[in-house]
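J.: Take a look at this one; I'll ask things after.
The values are calculated or read from the model by the stated rules, or taken from the named source; none is laboratory data. Being a predicted model, the structure only gives us computed values, none of them experimental. Positions of Cβ are backbone-derived with ideal geometry, glycine not excepted, and every protein chain shown enters the neighbour counts.
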Amino acid sequence: MSSFKIIPVIDVLNSEAVHAIKGEREKYKPLKAVWINNCDPIKIIKKLKDDYEINDIYIADLDAIIKKEPNFKLLEKILTIPNVKIIIDPGILSIKNVKIYSKYNIDTLILGLETIKNLKVISKCLKVYGKNKTIVSIDMYNELIQTNIKELQNQKLIDIIKKIENLGVEKIILLDLYKVGQKLGGIPQLYQEIRDKFKGNIIVGGGIKDMDDIKLYNKHNFSGVLIGTALHDGTINIDKIRKFNLS
């Protein structure tokens, strides 16, 4: 297991950071955070790094995921920022997309079950990036799988994750879009069942409430959490994140 990480989320739409709520992407509005008066992703990343020593950043390229228009210009600018580890979900569809992103110095590429066309994309990405730099996002809505892959539809989540693990995947994200922006808190029983069966690293996104919630996930052997709303509205003090990650 890798050391537990608290990873800030930046959802990018039309080259701006936006506030994500319940996966209702057509309603996302420019981000208003208490700790920075700006929705420029570059300035947000630089402030996280320079002021709070937070180097691991999760980026959801909604221009790619929603509009199928990857924001390569913004990505190139982000990658010029030194000492930042970019974990990006760029709406990967196919093996061709994996090859395109392999040209960029991305720390970790996310393959979302919501967008990839088939399981061969996962196998190819593992060969190109390696197990340590590939994460499969188990995309859900209210704990129901969101995917276009026919062989995964109508299957139990535990069985889907086992199939993913059998491909060689060692890192997954449990991302429930329904929980995004809601600060529901607690560890769902389903997540604990997955933690008991999946041998690799698990990061959780959606529903993170506060620092006590984060400590609970750490205690139960998860590998990290993605935080957006609770960070941006000040529920979780950003300096506490810095101290936690450095401890």
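J.: What strands (runs of 3 or more DSSP E) completely inside segment 1-104 contain at least 2 residues that are at pLDDT 95 or above, closer than 20 Å to LYS171 by Cα and within 15 Å of the chain's Cα centre (by Cα)?
T.: 5-13, 56-61, 85-89
J.: Give the residue, chosen from PHE222, PHE244, that is modelled with pLDDT of 95 or more, touching a helix residue (DSSP H, G or I) at 6+ places or on another chain (Cβ under 9 Å), closer than 23 Å to ILE86 by Cβ and among the aromatic types (Phe, Trp, Tyr).
T.: That would be PHE222, the only listed residue that is modelled with pLDDT of 95 or more, touching a helix residue (DSSP H, G or I) at 6+ places or on another chain (Cβ under 9 Å), closer than 23 Å to ILE86 by Cβ and among the aromatic types (Phe, Trp, Tyr).
J.: Same structure again: Got a sec? Which of ILE173, ILE187, ILE135, ILE161 is among the aliphatic types (A, V, I, L, M) and in contact with a His (Cβ under 8 Å, 6 or more places away or on another chain)?
T.: ILE187
J.: Where the second residue is hydroxyl-bearing (Ser, Thr, Tyr) and assigned to a helix (DSSP H, G or I) and the first is under 23 Å from LYS85 (Cβ atoms) and lies in segment 108-133, which pairs have Cβ atoms under 7 Å and are six or more apart or on separate chains?
T.: LEU109/TYR101; LEU109/TYR129
J.: So if I check each of ILE87, ILE66, which one is within 28 Å of ILE122 (Cβ to Cβ), surrounded by fewer than 18 Cβ atoms within 10 Å (Cβ to Cβ) and among the β-branched types (Val, Ile, Thr)?
T.: Checking each option against the conditions leaves just ILE66.
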